[in-house]
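Chemist: Handing you this structure, nothing more for now.
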Amino acid sequence: MWHFYCQNILYGEDALNFLEKIKGKKCFIVADKVIEELGLLKILTDKLDKFEKEYQIFTEVVPEPHEDDVLKGKEQCNKYKPELIIALGGGSVIDTAKAIWAMYEYPEYTINNIDPLSDEMYDFANKAKLIAIPTTSGTGSEVTWATVISRLQNNVWRKMSMSHMVLVPTFAILDPVFTMGMPPKLTVGTAFDSLAHSLEAYISMWKNEFSNAMGLKAIELVFKYLPIAYKDGGNKEARDHLHQAATMAGLSFGNSQAHLAHALGHSSSSIFHIHHGQSVGLYLPYIIQFCLNAPGENNESIILYSELAKKLGWANWDDDAKKAAFSVVSKLKELQNSVDFKSNLKDLGVSIEDFDNNLETLVSLFFQDPSGVMAPRIPNKKEITRLYQCAFEGKDVDF
Ligand SMILES: [Fe+2]
């Protein structure tokens, strides 16, 4: 038996109007200062005013949310006692809201109590529903059951991925009005996060037909619409489809698993402060090569990626499976070039000294990150060191 986790998804122009139909008057809004400055918060509060809902706003969320800020949000939320928690923002905001939601339902909880194996947590959402309104098109957090919160350990902000299936937001509202103003760099970075979610989930050990159906469509949409949105941020059709693609990719990896690019990407974000989408998107071609190069007969990643490439028209139906599978790597590199995506650490400005000084820590963080465990090929210490070196130099992975 397999359980495909999916709550309610409202999408397209004016999807925000669905707020009127959701029961509950008192709303606790989780956002950040940038969302407020961009005027996106006002779009939401204007609607809440129109629908005669009350609200209190918490905007203390920072990128890569820190545990202390989440606890501040918990305190404010528990005092206000809302019926609805509304997360308006990118992945950091939605992740923060999920953690606040858990600690509102269970006030005695700390972050550590959010445990995927907790039976107690199945008795959930008795006080509030969570509405996630993403303002970027990438993290998929609006439909996943994980929350990534950073904790300071040994002078490094270590990302902890806490999860439970009840943390899937009750409603995901995908209104493209919130993404129209995203700058090109963020548009590209978040789209590559979607691609990493779909492409990694496609070959993960937990892959399944439902997750791969979502992943395949998400990949198709990102390849079609990212170059358009990159050139013309005001293109509504492209924005709408990239927004849908991000959520499909979220359903894909939320019901399967992202793995190596995320484990490598998380470590690099922690050390070099690289944006999540840029970081995981950078590692994607390298880890795909690594998985396709797995020794032995019957490499399932080759079969799966060759079928994907043929379905997307990247390879001919009668092409050899290995050749077709490797076309995924060349197509990714083509897309990266077309939208000026930095494809190695050196081009991102990481110096050789900085890289060498941190290589051991990167490797250590990789092995502490649970994201990597569902990869179809698990690298050993020597291989992971070489993967980092290839990604630093921009060299193909031939092992
Ligand atoms: Fe991601």
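The values are calculated or read from the model by the stated rules, or taken from the named source; none is laboratory data. Quick caveat, the model's predicted, so the values are computed rather than measured. Every residue, glycine among them, receives a Cβ derived from its backbone with ideal geometry; neighbour counts consider all protein chains shown.
Chemist: For segment 235-246, which positions are under 18 Å from Pro169 (Cα atoms) and away from the ligand (no atom under 11 Å from the Cβ)?
Modeler: His243, Gln244, Ala245
Chemist: Shifting gears a bit: How many residues does segment 247-258 contain that are more than 11 Å from the ligand (Cβ to nearest atom) and out of contact with any Pro (no Cβ under 8 Å at 6 or more places or on another chain)?
Modeler: Residues that pass the stated criteria total 6.
Chemist: Looking at Ala132, Ala97, Ala191, can you tell me which residue is within 16 Å of the ligand (Cβ to nearest atom), hydrophobic (A, V, I, L, M, F, W, C) and either assigned to a helix (DSSP H, G or I) or assigned by TED's automatic domain parsing to the domain that holds Ser211 (or both)?
Modeler: Just a single option satisfies the conditions, and that option is Ala191.
Chemist: Which pairs turn up if I take residues in segment 109-121 that are of a type in the set (S, T, N, Q) and look for partners that are modelled with pLDDT of 90 or more with beta carbon separation below 7 Å, at least 6 apart in sequence or on another chain?
Modeler: As it stands, the answer is Asn113/Tyr106; Ser118/His164, since those pairs meet every condition given.
Chemist: Can you tell me which of Lys47, Lys127 is away from the ligand (no atom under 16 Å from the Cβ), at pLDDT 95 or above and part of a loop (DSSP other than H, G, I, E, B)?
Modeler: Lys127
Chemist: Let me ask something else about it. Among the residues of segment 60-82, which ones are within 16 Å of the ligand (Cβ to nearest atom) and either modelled with pLDDT of 95 or more or not acidic (Asp, Glu) (or both)?
Modeler: Pro63, Pro65
Chemist: Now for a different question. Looking only at segment 168-179, decide whether some residue is within 15 Å of the ligand (Cβ to nearest atom), in a loop (DSSP other than H, G, I, E, B) and within 15 Å of the chain's Cα centre (by Cα).
Modeler: Checked against the condition, which is being within 15 Å of the ligand (Cβ to nearest atom), in a loop (DSSP other than H, G, I, E, B) and within 15 Å of the chain's Cα centre (by Cα), segment 168-179 yields no hits at all.
Chemist: Is there a residue being modelled with pLDDT of 95 or more and on the phi < 0 side of the Ramachandran plot anywhere in segment 144-162?
Modeler: For segment 144-162, residues modelled with pLDDT of 95 or more and on the phi < 0 side of the Ramachandran plot: present.
Chemist: Sticking with this structure for a sec: Take segment 320-346 and flag every residue that is part of a helix (DSSP H, G or I) and hydrophobic (A, V, I, L, M, F, W, C).
Modeler: If the condition is that a residue be part of a helix (DSSP H, G or I) and hydrophobic (A, V, I, L, M, F, W, C), then Ala321, Ala324, Ala325, Phe326, Val328, Val329, Leu332, Leu335 are the ones that fit.
Chemist: Take the residues in segment 199-213 that are more than 13 Å from Ala375 (Cα to Cα) and in a helix (DSSP H, G or I), then tell me which one is farthest from the ligand (Cβ to nearest atom).
Modeler: Residue satisfying both the conditions and the ranking: Glu209.
Chemist: Here is a further query. Give the residues of segment 50-69 that are surrounded by fewer than 18 Cβ atoms within 10 Å (Cβ to Cβ) and assigned to a loop (DSSP other than H, G, I, E, B), sorted by residue number.
Modeler: Those that are surrounded by fewer than 18 Cβ atoms within 10 Å (Cβ to Cβ) and assigned to a loop (DSSP other than H, G, I, E, B): Phe51, Glu52, Val62, Pro63.
Chemist: So, of the residues in segment 8-44 that are part of a loop (DSSP other than H, G, I, E, B), charged (D, E, K, R) and within 27 Å of the chain's Cα centre (by Cα), which turns out to be surrounded by the fewest Cβ atoms within 10 Å (Cβ to Cβ)?
Modeler: Among them, the one singled out is Asp14.
Chemist: Follow-up question, since we're still on this one. Starting from residues that are in contact (Cβ under 8 Å) with a residue 60 or more places away in the chain and farther than 10 Å from Ala325 by Cβ, keep the ones in segment 290-309 and report whichever is surrounded by the fewest Cβ atoms within 10 Å (Cβ to Cβ).
Modeler: Ranking the candidates gives Glu300 first.
Chemist: So Gln153 ticks every box in (1) without any contact (Cβ under 8 Å) to a residue 40 or more places away in the chain; (2) within 16 Å of the ligand (Cβ to nearest atom) but one. Which box is left unticked?
Modeler: With (1) without any contact (Cβ under 8 Å) to a residue 40 or more places away in the chain; (2) within 16 Å of the ligand (Cβ to nearest atom) applied to Gln153, the lone miss is (2).
Chemist: I need every pair where a residue in segment 265-282 that is free of Cβ contacts under 8 Å to residues at least 40 places away in the same chain and within 13 Å of the ligand (Cβ to nearest atom) has its Cβ under 7 Å from the Cβ of a residue that is hydrophobic (A, V, I, L, M, F, W, C) and part of a loop (DSSP other than H, G, I, E, B), sequence separation at least 6 or different chains.
Modeler: Final answer for the pair search is none.
Chemist: Continuing with this model, one more query. Sort through Ile114, Ile85, Ile57 and tell me the only one that's at pLDDT below 95 and among the hydrophobic types (A, V, I, L, M, F, W, C).
Modeler: The conditions single out Ile114.
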